[in-house]
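Inspection log for the structure reproduced underneath, given as structure tokens.
FYI, it's all coordinate maths here, none of it is from the lab. Remember, it's a predicted structure, so these values are computed and weren't measured experimentally. Heads up, the Cβs are rebuilt from the backbone with ideal geometry, glycines too, and the neighbour counts pull from every protein chain shown.
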Amino acid sequence: MDNPFNDRLRPAPSHDSQPYWDGLKEHRLLLQTCADCGTVRHYPRPVCDQCYSMRVEWIEASGHATIHSWTISHHAFHPCFKKDLPLTLVTADLAEGVRLCAPLKDAPPGSLRIGAPLRVGFETVDDDLTLPLLILADTP
Amino acid sequence: MKSLCEKGAVTGIGETAYTKGSGKSTIALQMEAALAAIADAGLTPKDIDGIVPYSSGDGVAEDFITNFGIADLRFSATTPMGGASAIAGIQAAILAIEGGVARHVLIPFGRNGYSGGRIGARVQQLPQFRTIGEFEMPVGQIAPAQLYAQMARRHMMQYGTTSRQLAEIAVTFRQHALLNDNAIMKTPMTVEQHQESRMISDPLRLFDCCLESDGGAALVISGAGPAKDMKQRPIYIMGIAEGHPDQPSAITQRGDMTILGTAKAVPHAFGMAGVSHDDIDVAEIYDCFTYIVLCQLEDLGFCAKGEGGAFVENGGISLTGRLPVNTHGGLLSQAHIIGMNHIVELVKQLRGDGGKAQVAGARIGLVTGYGDMGDGTVAIMRN
């Protein structure tokens with residue numbers, strides 16, 4: 001397929017976010033924390049809004065999360081997602097206090113509710129890109 | 001503290017025909033609307049000494065200097081807040097006027113939202129969407145409809161809001177559009193038709209989403225003093241404010257995703273105006289999606305958080321309801337002119353030029369803008 005519009009939308013990592021994307025490639029969800037006051041922040045950015053420090057450390061998230069909200073998209077807003085319809089997208093509260101927005105895979109109909117426990121998974125797209133995904137925690 | 005209360009007035013309004021297929025360039029649409037607004041104000045293009053063009057559009061102040069032969073433009077600025085930009089532009093205009101920099105500021109909007117670049121396509125190109133462009137678009141969270149669907153879902157789960165209540169908003173605005181000759185949608189809609197419309201991003205259906213349309217609309221803002229002696233009855237701006245939400249670049253990271261930036265603007269705008277909610281005779285509320293209307297009604301304080309569904313039921317926001325809203329049909333049924341059509345409609349209502357949708361005796365009205373994932377603006381005006 002030569003049509004570039006069927007290609008995946010790819011991130012353009014910045015100096016601030018590169019460790020996040022590198023972590024995903026190793027199937028690790030890394031979160032930025034302030035090296036001075038320890039506040040976790042997401043999405044990655046240069047300054048801590050609590051103490052204004054620009055010193056950064058990265059921690060690995062536990063992978064525990066709960067549903068904050070969700071939508072089920074029946075329209076492909078980009079051609080590369082046509083094959084995934086209907087697409088369940090979940091905003092999840094991570095145990096670390098920030099949120100992750102990712103597709104939820106293999107959710108039985110009617111199983112979605114606020115607070116439902118989730119775990120974080122990974123989808124290896126190719127050598128250059130791995131994306132996060134979410135799975136209902138009680139799914140075998 | 002100094003206040004902008006009644007320091008500025010809308011002295012001219014202009015609109016093109018709203019269509020699906022203008023056959024004109026976006027610059028031409030902006031010029032046509034601007035010339036109409038300037039003529040409405042009783043001015044000539046050379047009287048314009050300030051311009052606030054639409055920040056996400058393709059018209060810049062230079063286009064107006066060139067086309068109108070403006071010899072000494074003294075003020076130009078942009079207010080990049082998506083659908084909240086027009087009212088933010090009015091605030092910038094009044095600041096420039098009150099500061100003695102400009103006398104008559106033009107705010108021209110226009111685009112080919114239907115026949116040109118679609119609204120969804122523009123999102124990926126804007127710097128304020130760099131964050132969701134990097135972290136959310138690759139996982140499939142691409143369009144505002146999907147994010148607003150998650151906001152609406154959260155509201156439904158927390159407060160019991162229903163899709164039928166969202167339908168009431170769409171149906172009411174369609175009724176209003178049928179009274180308006182310059183509205184794109186010309187057939188009635190029922191709640192059942194809304195419920196049968198295609199699911200876009202659950203819980204939002206096709207009829208929860210605004211139109212994509214072609215057209216232009218423009219305002220002239222002048223100082224309150226000179227406005228008294230101009231061609232039209234001046235419509236005074238009593239209160240005006242902009243509000244930026246927490247985590248403005250990522251709805252998913254926002255502490256409470258059921259509160260918009262609007263909530264921050266509301267106390268400033270009402271405080272400046274010195275009026276209460278009971279004083280508002282008519283409201284034109286930015287309606288990119290039905291849910292965003294419901295959420296703003298709460299953030300504006302017309303009802304408590306969670307009570308928006310009940311507020312819009314049983315014709316609550318119709319011409320005969322407790323608060324007539326979007327008397328022109330709104331973005332949902334008149335046209336998507338980035339909310340400039342809402343401001344033009346409020347001015348018409350306060351001039352008594354509301355036609356078949358005129359709210360009898362309207363003296364004080366409110367208009368909102370909303371955009372870029374949560375920015376909100378509020379203006380309160382009187383005749």
| said: Check chain A for me: any Cys whose beta-carbon has no other cysteine beta-carbon within less than 4.7 Å? | reply: A:C80, A:C101
| message | If each DSSP helix of 4+ residues adds -39,500 (n - 2.57) and the sum is divided by the residues in chain B, what number results at 222 nm, nearest 500 deg cm²/dmol? | response | -10000 deg cm²/dmol
| message | Just checking the output field for A:102-113: average partner chain Cβ neighbours within 10 Å of each residue's Cβ? | response | 1
| task | Over all alpha-carbon pairs of segment B:37-128, lay out the pair-distance distribution in 10 Å bins, whole %, shortest bin first. | result | 16, 45, 29, 10, 0
| field | Net length gained if the chain between B:E98 and B:Q175 were fully extended (0.36 nm per residue, minus Cα distance) | value | 23.7 nm
| Mean separation of Cα pairs under 8 Å and 6+ residues apart, divided by the residue count of segment A:14-60: what relative contact order is that in percent? | 37
| remark: Given pairs A:K83/A:K105; B:K186/B:K356; A:K83/B:K20 and cut-off 25 Å on Cα-Cα distance, the over-length ones are A:K83/B:K20
| task | Tell me the Kirkwood hydrodynamic radius of the protein assembly as shown in angstroms, computed as one over the mean inverse distance between distinct C-alpha pairs. | result | 23.9
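Can you give the translational diffusion coefficient of chain B in µm²/s, computed by Stokes-Einstein from the Kirkwood radius over Cα pairs at 25 °C and 0.890 mPa s?
It comes out at roughly 120 µm²/s.
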| So which residue, out of A:H64, A:H27, A:H75, gets the largest mean-square fluctuation from a GNM of chain A using Cα contacts under 10 Å as springs? | A:H75
| query | For A:C34, B:C209, A:C101, what ranking results if the residue with the fewest other Cβ atoms within 10 Å of its Cβ goes first? | reply | A:C34, B:C209, A:C101
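If neighbour count is taken as other Cβ atoms inside 10 Å, put B:S276, A:S53, B:S22 in order from fewest to most. Please report the intermediate quantities before stating the final value.
Details: B:S276 9, A:S53 13, B:S22 24.
The most exposed by this proxy come first: B:S276, A:S53, B:S22.
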| Hits among lysines - C-alpha to C-alpha of B:K7 under 21 Å, sequence gap 8 or more where chains match | B:K228, B:K231, B:K348
| field | Where only alpha carbons of segment B:29-85 are counted, the Rg and the Dmax (Å) | value | 11.3, 30
| field | Relative contact order [Cα under 8 Å, 6+ residues apart], segment A:62-140, whole percent | value | 31
| query | What's the exposure ranking of B:D299, A:D22, going from fewest to most Cβ atoms within 10 Å? | reply | A:D22, B:D299
